[in-house]
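Below is one structure; the comments refer to it alone.
The values are calculated or read from the model by the stated rules, or taken from the named source; none is laboratory data. Here the structure is a predicted model, which means the values were calculated and not measured. Quick note on the areas: whole protein, heavy atoms, side chains included, nothing else; ligands and nucleic acids left out. Shrake-Rupley method; radii C 1.70, N 1.55, O 1.52, S 1.80 Å.
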Amino acid sequence: MQAMKFLLSSFIALSLCAPLFAADVKFIDYDDDFFMQDITEQDVKDRKRLKTDFIPWVKQQFYNSSEKETLAKQILSFDMGMLARGFRHGGLGLGMSFEKQIIPHLSASAYFGQAFIFKNSDGWGGFTVSPALFVYYYPISRQLRKFYLATGFCWDLIVFYGDRIPDGAAASSFSIFPQAGYKFSLPWRFLLDIFAGYKFAFNSNGVFYGNSADLLGFGFQWGISFKHYMKKRA
């Protein structure tokens, strides 16, 4: 009898305490092969796609070469235009320039170019010397990037030789070379420089044989060049 009373009292106690331990149980539906899927396979594919995706990589390179990381204050470049003109006139040529920032928005550049022209069908050959000084102004950038206006002061000397050319024949000219351009940032501290200008020749002395004036680049000029700047931390 006492055992029955004990069981009855225990049942009543559990009934009163049951609401305190009640839990909201929800059933989840899943496919039969849910636990058989290899989720690492998709992860490997994603990593391979990121490694081989060219566009994000290029964007990262542009970011690494942005003004936030490095300062473009010194630029070394080679004049491939002089090389092309040398080939076009039957010779070799090359120019080199160094640009350095003076103050924000303003820089100066020293240029030197030289070409050797082998004796051509017109019976003349020669060599040129072309030093120049430029001043650059960057109105929308404190560095040597983006849009710029420039003015160059050039001196060009060409010495001729050939069967029908007098000994010591030479010609020289001073010129002003205003130009405008835009320098785009590229990866690995390179800049793409697109420019156009006009080289005004004045105070010319001597006689220019053949198309040697074109060799020196007088008149309208435009070009595309790659330039490299030295890395400086902010």
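Contact order for region 120-183, expressed relative to its length and based on alpha carbon pairs under 8 Å spaced 6+ residues apart, stands at 36 percent. In this structure, the amide hydrogen of L216, modeled 1.01 Å from its nitrogen in the peptide plane, lies closer than 5 angstrom to no residue at least 5 positions away or on a different chain.
Computed with a 1.4 Å probe over protein heavy atoms only, the accessible area of W155 comes to about 90 Å².
Annotation: amide H-H contacts under 5 Å for L144 (H modelled 1.01 Å from N, sequence separation of 5 or more, or interchain): A72. The listed residues L83, L94 rank as L94, L83 when sorted by accessible area, largest first, using a 1.4 Å probe.
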